[in-house]
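The values are calculated or read from the model by the stated rules, or taken from the named source; none is laboratory data. If you're wondering where the values come from, they're calculated on a predicted model, not measured in any experiment. Note: ideal-geometry Cβ built from the backbone for every residue, glycine included; neighbour counts use all protein chains shown.
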Amino acid sequence: MGRNDQISKFSNSLKDFLINTFASKLEDAKTYIYKYNNLKVFMDPMKYTTPHFFVQIGISEACFAIKDGSKIDGSVGNEDPYVKRWAGRYNIQKELESHWKLLQEAIRELSKDGSLNASNAAREKLKRAEKSEETFDEVDMTSTGISKTTRFLAQEREKKLKKYKKFLKQRELEKQKRGNKA
């Protein structure tokens with residue numbers, strides 16, 4: 001994986017996190033959307049052996065440790081503490097760790113025979129590491145620890161329960177009205 005191999009699932013997540021953190025109203029949001037439009041998150045295992053990720057915003061770039069979000073090198077300015085906070089979220093940290101492991105497996109496979117002409121399985125692992133979007137839809141970016149599907153189903157059950165309670169309350173009121181007339 002080279003320096004420009006952006007991991008879009010993390011880039012999009014961090015971009016959303018920063019926009020939601022800084023934007024207090026719609027006008028602000030447009031400014032921050034423009035500011036973070038070129039934000040990139042990537043990993044470069046050839047540069048550091050410890051699990052890490054890079055964040056690039058414009059010409060600024062910083063490397064952060066996956067384990068605790070601490071800065072290893074560089075700076076992205078005022079966003080440094082917010083990147084650390086984003087990376088420290090349990091679900092994000094687990095996804096970063098998972099991606100790092102997948103990337104390491106792919107690199108090991110690629111370098112087994114001492115060349116980058118590796119097996120199809122190794123290439124496939126590397127592709128999965130670079131484009132691991134498929135399972136990210138289920139990752140909760142709100143830091144509640146609940147997947148989107150689970151949260152949606154819970155909200156649907158809650159709506160049904162409210163409707164049922166409303167129905168029971170109306171029924172009880174109708175009984176009381178009939179009882180008062182008799």
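Odds and ends about this structure:
- Subset tally (residues that are modelled with pLDDT under 70 and touching a Leu at 6+ places or on another chain (Cβ under 9 Å)) for the stretch 78-116: 1
- Residues (under 17 Å from Phe64 (Cα atoms) and assigned to a helix (DSSP H, G or I)) located in the stretch 13-53: Ser13, Leu14, Lys15, Phe17, Leu18
- Of all residues making up the stretch 67-97, the number that are crowded, with 20+ Cβ neighbours inside 10 Å and farther than 19 Å from Thr21 by Cα: 2
- Output for the stretch 75-115, where each listed residue is touching a helix residue (DSSP H, G or I) at 6+ places or on another chain (Cβ under 9 Å) and outside any helix (DSSP H, G or I): Val76, Arg89, Lys112
- Condition met for Asp73 (of a type in the set (Asp, Glu), at pLDDT 85 or above, under 30 Å from Leu110 (Cβ atoms) and over 19 Å from the mean Cα position of the chain (by Cα)): yes
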